[in-house]
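A short write-up of the structure that comes next.
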Amino acid sequence: MISCLSLYSYSFCEKIALKKYRRCVKRGCIKRPQVVSGAKKDGFGLRVFVLSDLHTDYPENMAWVRSLSTKRHEKDVLLVAGDVAEMYDNFILTMSLLKERFEYVFFVPGNHDLWCRWETEDFDSLEKLNKLLDACKQLGVETNPAVIDGLGIIPLFSWYHESFDREDDIVGVRIPSLDMACKDFHACKWPGNLSNRDTSLALYFDLMNEKNQNTVKQIQSTCSQIITFSHFVPRQELCPEKRMLFYPKLPKIIGSDWLEDRIRSIHGVESSSFACHVFGHTHFCWDAVVDGIRYVQAPLAYPRERKRRMNGGTLSMSQMSDATTNRSFVRDSDRAMASCAWFCCNRSKSDSSLRVWNGLARTELLKARSHNEHILEAWDV
């Protein structure tokens, strides 16, 4: 049994030594990567796909997973950034299907993965978490940091806290409470010392990463390129402003300050041109560089959300590649896994730029990433 750390094993001061790196909102620091048309995927070596929010309790989403080729990705890596399925049996089936299709699969849990309302066994969300981690180990799915072909991959456990939200609240309109809008408050079952209503869960999940610190340090010392990934959001800039949201209180249930601190402790305060963090949860396709780190979200999301999107219900896939090591990293949510956009990360000493190669016209690509019209339905967060 893989057990979670006790909340009381470490004091707040002992564990959060990174307070000086606390993020502050700097909207002026956000920039979009360069987009260059016409790249081809031929000749690339290791490919790393990233995907979040599969929600395979929906038959359409499970069918999408089943439709993935069992041959095309047999040497590829897949990072699954949480919310695979609410039901344990669907989680096992989904991860089994993915492991049959990819050589390496990495996973971090999301909030839906820890819902307990329809489970036949009587366990709380922490017990279910341990059960999921045990299942991943049996399936050969990685939940700990590892190095693949010289690339460091670091999964980060996380949970949200309400104080993450620092944007002024919307006033003058009636907005449902978090209890009414967010199913986590009812579908998750926590021991008495943990609660969604304070920072205890965010701190608890962050402390779970401590057991991997020695491995992380080894990766930092040996790998020039590292990808970290989590389910929850590390910075509020990675979510649309409240005036653009169907549910303006959404930022209170999406992210963690401790998560951003931990990301900065891995990639560095100033970071580099090839630092990347992948996240999920909000179902907004995202790709932006903020304070030196590239943040990417590629959700499969709910079937109804895909139907509302401007690109006809098919999400874009993108690929990050390393010209010096013949390595590529792919953001994948396309139904047929066909290449729509490519990220090129050149790590040579003469060129450390981060570029985007895409198979779509620039206007089409921007449409695929512009989801202010694609509003997350708060009651399904």
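Placing pseudo-labels 7 Å out from each Cα toward the beta carbon at Ala187 and Glu100 gives an inter-label distance of 2.6 nm.
Residues with beta-carbon under 11 Å from that of His186, excluding His186: net charge, scoring Lys, Arg +1 and Asp, Glu -1? Charge balance in the 11 Å sphere: +1. Principal axis extents of the C-alpha atoms in the range 121-186 (largest first, rounded to whole Å): 54, 38, 14. The largest accessible area among Glu241, Glu305, Glu270 belongs to the first residue in Glu270, Glu241, Glu305, and the rest follow in falling order (1.4 Å probe, all chains). Of the peptides 222-231, 190-199, the order by per-residue mean of other Cβ atoms within 10 Å, starting with the highest, comes out as 222-231, 190-199.
Which entries in the list Lys189/Lys211; Lys137/Lys189; Lys99/Lys189; Lys71/Lys217; Lys189/Lys252; Lys99/Lys183 go over 27 Å, if you measure between the two C-alpha atoms of each? Intermediate values should be presented prior to the final figure.
Values: Lys189/Lys211 24 Å; Lys137/Lys189 24 Å; Lys99/Lys189 29 Å; Lys71/Lys217 35 Å; Lys189/Lys252 19 Å; Lys99/Lys183 29 Å.
The pairs that break the limit, which is 27 Å between Cα atoms, are Lys99/Lys189; Lys71/Lys217; Lys99/Lys183.
Just round it to a whole percent: the fraction of Cα-Cα distances in the range 87-211 exceeding 23 Å. Please report the intermediate quantities before stating the final value.
Values: 3312 of 7750 pairs.
That fraction is 43 percent.
Largest first, the three principal axis extents of the alpha carbons in the range 164-255 are 53, 33, 18 Å in whole numbers. Solvent-accessible area of the range 216-301 (1.4 angstrom probe, protein heavy atoms only): carbon and sulfur portion equals 52 percent.
What FRET efficiency would be calculated for the residue pair Asp122, Arg66, taking the C-beta separation as r and a Förster radius of 45 Å, to the nearest 0.05?
Values: r = 31 Å, r/R0 = 0.68.
Working from the Cβ atoms, E equals 0.90.
The slack between Glu74 and Val171, meaning 0.36 nm per residue of separation minus the straight C-alpha distance, is 29.7 nm.
Keeping every protein chain present and rolling a 1.4 Å probe, give me the accessible area per residue for the range 68-165 in Å². Kindly include the intermediate steps, with their values, before the conclusion.
Details: 3440 Å² over 98 residues.
On a per-residue basis, the range 68-165 sits at 35 Å².
If you sort the three axes of the alpha carbon gyration tensor as a ≥ b ≥ c, you get a/c of 1.5 or more for the range 208-311 and a/b above b/c, which makes it prolate. Shape analysis of the range 70-109 yields a ratio of the Cα radius of gyration to the Kirkwood radius, Rg/Rh, of 0.98.
The values are calculated or read from the model by the stated rules, or taken from the named source; none is laboratory data. On a predicted model such as this, the values are computed, not experimentally measured, just so you know. Every residue, glycine among them, receives a Cβ derived from its backbone with ideal geometry; neighbour counts consider all protein chains shown. Just the protein is used for accessible areas: all its heavy atoms, side chains included, with ligands, DNA and RNA removed. Shrake-Rupley method; radii C 1.70, N 1.55, O 1.52, S 1.80 Å.
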